[in-house]
Structures are given as C-alpha cells and as structure tokens.
Number of protein chains: 2
Amino acid sequence: MQSSPLLETLMESLRCLPGVGPKSAQRMAFHLLQRDRSGGMRLAQALTNAMSEIGHCEQCRTFTEKEVCAICTNSRRQENGIICIVESPADIQAVEQTGQFAGRYFVLMGHLSPLDGIGPDDIGLDILEQRLQTETLTEVILATNPTVEGEATANFIASLCRQYGVEATRIAHGVPVGGELELVDGTTLSHSLAGRQKFKY
Amino acid sequence: MQSSPLLETLMESLRCLPGVGPKSAQRMAFHLLQRDRSGGMRLAQALTNAMSEIGHCEQCRTFTEKEVCAICTNSRRQENGIICIVESPADIQAVEQTGQFAGRYFVLMGHLSPLDGIGPDDIGLDILEQRLQTETLTEVILATNPTVEGEATANFIASLCRQYGVEATRIAHGVPVGGELELVDGTTLSHSLAGRQKFKY
Ligand SMILES: [Zn+2]
Ligand SMILES: [Zn+2]
C-alpha cells in the first residue's frame, strides 16, 4: 500500500500475532479501518496495559498484574493442601472448568527441554522446591501434557516431591470420553489398557 | 482468567479482529505475553496511529493519511487519463501487481446494495460524477467483483459514464489462467464462451 505507510506498518505489526499471515493481516487492517475504529483503539489500549502491567504470580507463576494471584491468595484453596502443576495458564482454565479441583496451581510456563537449554530453573522449579520445603502440602498433581517433554518434566518433579516427602500423582491418560477406540493412537490405547480399573457395578 | 482482569480485557479486545474467536484470542494473548511483548507494544502503537490518522483520499477514496494519495498526485498517472474502479483498496494492490495499468483508481469501499440501504452516494459516486464532469478522461475500467452486486454497480457506473461521454469498459470474466475447465462453474464458463476472441497465431 504505497498510499499509506501507516497502513503498511499496521499490517506488518499484526503479523506478530500467531497464525496471522500477510493476507489475514490485510483483512484485519481493512476491517478495523472500515468498520471498527473504536474496536481498534480499544485493542491498542488493552495491548499497552497488558504488555506493560501483566507479570507473573510470585507463588504460582501464572499471568497476573498483582504480586500474588487471586487463586493463590484464596484461603480455602490454601487449606486444601493440593497443588496442580500445569504447563501453561490456559491449562488452569481447563482444570477450573471441570469444577473438580479446589486446590492451587503451579504454572511451569513450558516444560524441561535440555536440547533447547530449558532447565529446571527456567520453568520455576526453584520456586516450586521452596514451596515443597516451606508449605504443608498433601499432594502434588502432575498435569503436564502427555508428550515426551511433559512426561520427562513430570518425572523430574515427582522425584523432587519424593525428596520433600510430598505425594506426587499423575493425571490419567486414556481414550477420551466420547472418542472412538479405532481413532485413538496406539500410545494412548496402551496407556488406557495399562491404566485399566476394576469395573464399578 | 480470574487471575488477571487485564488479560481478560486483552482477550476480549482481540476478538474485534475478523476470524478471531475465544481460542485464538487466548493463544494470541499468551504468545505476546510470553514471547513477544515488544511486538505487542509495537502493534498497540501501529493501531493507535492507523486508527486515528488514516482517512480516505479526497480523489480516489483509498486509505491514506494524506489528503490526496500518492497514486492520485502522480502526474504520469494523471496524464494517462484512465480510471480503474474497484470495490476495495486491496483490489488496487492486485491490479498494481499485474504491472498492466498505469492510470489512477477510484475505490468504492463496497458496492451498491439497495436492500442494505447502500446507495450511490454511500459508495462515493457523487465524487466520481464530479470527476467525470471536470477531468479529461479517456476511459473508465469497471473492475468491480463479478458478483450480482458488483455487476449491478458496474452497470450503474457505466450509465453514469455514458451521461458524461466517457467510455466505460468491463474487465473480462473467464476461465482462470492455469485453471481446469471441468472445475470452473457454469456461469464463468458461459462468460468465457461469450467473451471468446479470435485466435492469435
Ligand atoms: Zn498464583
Ligand atoms: Zn487517491
């Protein structure tokens, strides 16, 4: 768009968003300019606020603009004594939506990945170790992803827990509810078989 | 994300972008916070500048932060005497990329759509009429989309041109170059047959 350097800059800048290529950047820019300038201004303000003010919770590392997040400061959840370890803040939401968990979380913001130079301290395990040492915890639920890296990370944290005498559990892997057996991959099916439980009549 | 109202606001604001639902808004927000805060800040600035400073060219209506855009002020293009009428600024880019056109443009920013209350003045035809009246034009190329609305709009503008004694032409419709005949729809094929030209040996 030789006609507008500002439009050019906007289209380039939109491409910092994941999944946005040149075509959709153009579509987005035109849409905002033609139909939703106030939405574009609100987005600019929301970006500025979020980028400059959101940090990580001192206790669980999730995104928050406070020093300690609302879940960590909730006394009921503190008394619960269980910590659920997840890879990303999005996973907290997923677990919260089940309504099955009333404890607190710890967000790794990734997983161990020695080849990429991501070691224990990079995923906050120094902070977690401190918590294992000082808090009265009854259980640590390892809810990292069922990937090679997620499993390795779970194993590493499990041994950390044993060191401090805190029980570690791993979420069950298996056939997704509503899924079809023939569509499930072999590894999942193996996990599903190995993790079989007595039938409840 | 009860842990961060600012993050909540950011995810909501991102949804003003076309094609962005709750899932991708979350993915975008997390990506920026975790990996590209400077990109997020640049995007905020680009949005603010674009939304507040980009207007429409007084002569062709395309997006520009100047009163008259670079194409319209180009004296070579003025001397060319041909105006190509398109529906959106993106179409200018498409035509420019062919390298086949050296005239100026007129951007409708839409098409006639009486049912939606979009009449001639809403697509700038009052401005176009003024130009037909005052400028020395040799041809107006109607490059609106080959849709029902695009055709109706082209017809309307063609009669406007006739009124002012300016020749109007319509871009050719037909089988796309590199396309397969059997994959082309019937209407396109009819246009292609009706618009057939003598074979050039
Ligand atoms: Zn927290
Ligand atoms: Zn112009």
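Mind counting the residues in segment A:54-70 that are near ligand 1 (Cβ under 9 Å from one of its atoms), free of Cβ contacts under 8 Å to residues at least 60 places away in the same chain and open to solvent by less than 60 Å² (accessible area, probe 1.4 Å)?
7
Could you please give the count of residues in segment A:32-53 that are at pLDDT below 95 and at the interface with chain B (Cβ under 7 Å from one of its Cβ atoms)?
Start the filter on segment A:32-53 by keeping residues that are at pLDDT below 95, which leaves A:34-35.
This time we only want the ones that are at the interface with chain B (Cβ under 7 Å from one of its Cβ atoms), so: A:34.
Qualifying residue count, segment A:32-53: 1.
How about segment B:151-184: which of its residues are among the acidic types (Asp, Glu) and open to solvent by less than 80 Å² (accessible area, probe 1.4 Å)? Outline the logic, then answer.
Within segment B:151-184, the subset among the acidic types (Asp, Glu) is B:151, B:167, B:180, B:182.
Once the filter is applied, which keeps residues that are among the acidic types (Asp, Glu) and open to solvent by less than 80 Å² (accessible area, probe 1.4 Å), segment B:151-184 yields only B:Glu151.
Okay, residues lined up against (1) touching an Asp or Glu at 6+ places or on another chain (Cβ under 9 Å); (2) surrounded by fewer than 19 Cβ atoms within 10 Å (Cβ to Cβ); (3) not in a helix (DSSP H, G or I):
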{"site": "A:Met11", "(1), (2), (3)": "no, no, no"}
{"site": "A:Gly19", "(1), (2), (3)": "no, yes, yes"}
{"site": "A:Ala25", "(1), (2), (3)": "yes, no, no"}
{"site": "A:Met28", "(1), (2), (3)": "no, no, no"}
{"site": "A:Leu32", "(1), (2), (3)": "no, no, no"}
{"site": "A:Ser38", "(1), (2), (3)": "no, yes, no"}
{"site": "A:Ala46", "(1), (2), (3)": "yes, no, no"}
{"site": "A:Asn49", "(1), (2), (3)": "yes, yes, no"}
{"site": "A:Ser52", "(1), (2), (3)": "no, yes, no"}
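Just give me the residues in segment A:1-25 being of a type outside the set (A, V, I, L, M, F, W, C) and facing chain B (nearest Cβ under 7 Å), in sequence order.
Step one: list which residues in segment A:1-25 are of a type outside the set (A, V, I, L, M, F, W, C), which gives A:2-5, A:8-9, A:12-13, A:15, A:18-19, A:21-24.
Scanning segment A:1-25 gives A:Gln2, A:Ser3, A:Ser4, A:Thr9, A:Ser13, A:Pro18, A:Gly19, A:Ser24.
Filter the helices (runs of 4 or more DSSP H) completely within segment A:89-201 down to those with at least 3 residues that are within 21 Å of A:Thr73 (Cβ to Cβ). Write out each step before concluding.
Values: elements: A:89-98, A:125-134, A:148-163, A:186-194.
Here the list reads A:89-98, A:125-134.
Which one is farthest from ligand 1 (Cβ to nearest atom) among residues in segment B:73-106 that are facing chain A (nearest Cβ under 10 Å) and crowded, with 22+ Cβ neighbours inside 10 Å?
Only one residue fits best here, namely B:Tyr105.
Take A:Cys72 and tell me if it is over 30 Å from B:Arg61 (Cβ atoms), assigned by TED's automatic domain parsing to the domain that holds A:Phe101 and not in a helix (DSSP H, G or I).
Here the answer is no, as A:Cys72 does not meet what is asked.
Which one of B:Arg170, B:Arg76, B:Arg162 is charged (D, E, K, R) and within 17 Å of the chain's Cα centre (by Cα)?
Values: B:Arg76 fails: within 17 Å of the chain's Cα centre (by Cα); B:Arg162 fails: within 17 Å of the chain's Cα centre (by Cα).
Exactly one residue qualifies, and that residue is B:Arg170.
The values are calculated or read from the model by the stated rules, or taken from the named source; none is laboratory data. Everything numeric here is computed off the predicted structure, so don't read it as measured data. Virtual Cβ from ideal backbone geometry, glycine too; neighbours counted across all protein chains shown. What goes into the accessible areas is simple: the full protein's heavy atoms, side chains included, and nothing from ligands, DNA or RNA. Shrake-Rupley method; radii C 1.70, N 1.55, O 1.52, S 1.80 Å.
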